[in-house]
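Enquirer: Sending over a structure as structure tokens; questions will come in a sec.
The values are calculated or read from the model by the stated rules, or taken from the named source; none is laboratory data. Please read all numbers here as calculations on a predicted model, not as lab measurements. Here the Cβ is made from the backbone with ideal geometry for all residues, glycine too, and neighbour counts use every protein chain on show.
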Amino acid sequence: MTDLLKDKRDCVCGCGLFGTPRKRPEGHIRGCECPRCRGKRNRQKGLAKQREARKALGVAPSHKFGDANEENWSDAIFQNEVKSGAQIKPAVTAWLRIEAQVQSNQTAVGSLRKPCRAVLMPDGWSDGLVMVRLSTWRDVVRPALDSYYEGV
């Protein structure tokens, strides 16, 4: 009788996982927590977020296969940096608080259809930061920039 099941083994790094070995990293099992596997997963997740952000921002890729790496994007107006994962949780938490405050004030002011924008003015800075949702950028900001620079 022919065995149709894939070969199962212990993970090569000794993490204690048992399953079907993957081709890359060679011999490791899905879910392996060794530094090599964790680094590969983190890199793939970050590159996927960069690709998603580039498409949502409407930035053209620098070559026909697309660009995941934001340093290579051919954006005529901005330099870009995309962050993802646990390092951005404080910024996301602050944004959610700001957005909740804006939405609670909307009924009093009557601006129900306007998207939220946060302007952050840290102590000791003469400049500030602006935060908007990526969907707001795609639907409102990018078309405004395109129409402005089209006439220039």
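Enquirer: Inside segment 26-78, can you point out the residues that are in contact (Cβ under 8 Å) with a residue 12 or more places away in the chain, out of contact with any strand residue (DSSP E or B) (no Cβ under 9 Å at 6 or more places or on another chain), of a type outside the set (A, V, I, L, M) and within 30 Å of residue 9 (Cα to Cα)?
Expert: 26, 28, 32, 33, 34, 36, 37, 40, 42, 45, 46
Enquirer: Test each condition in (1) more than 30 Å from residue 78 (Cβ to Cβ); (2) in contact (Cβ under 8 Å) with a residue 40 or more places away in the chain for residue 14 and report the one that comes out false.
Expert: Among (1) more than 30 Å from residue 78 (Cβ to Cβ); (2) in contact (Cβ under 8 Å) with a residue 40 or more places away in the chain, residue 14 violates only (2).
Enquirer: Only one residue in 77, 29 is surrounded by 14 or more Cβ atoms within 10 Å (Cβ to Cβ) and assigned to a loop (DSSP other than H, G, I, E, B), so which one is that?
Expert: 29
Enquirer: Residues in segment 34-42: is at least one modelled with pLDDT under 85, surrounded by fewer than 13 Cβ atoms within 10 Å (Cβ to Cβ) and not in a loop (DSSP other than H, G, I, E, B)?
Expert: No, segment 34-42 has no match at all.
Enquirer: Among the listed residues 73, 95, which satisfies the condition of being among the aromatic types (Phe, Trp, Tyr) and in contact with a helix residue (DSSP H, G or I) (Cβ under 7 Å, 6 or more places away or on another chain)?
Expert: 73
Enquirer: So is residue 147 out of contact with any Pro (no Cβ under 6 Å at 6 or more places or on another chain), closer than 19 Å to residue 56 by Cβ, free of Cβ contacts under 8 Å to residues at least 60 places away in the same chain and not in a loop (DSSP other than H, G, I, E, B) or not?
Expert: So residue 147 passes the test.
Enquirer: With at pLDDT 85 or above, basic (Lys, Arg), within 20 Å of residue 137 (Cα to Cα) and part of a helix (DSSP H, G or I) as the only criterion, which of 55, 45 stands out?
Expert: When all the criteria are applied, what remains is 55.
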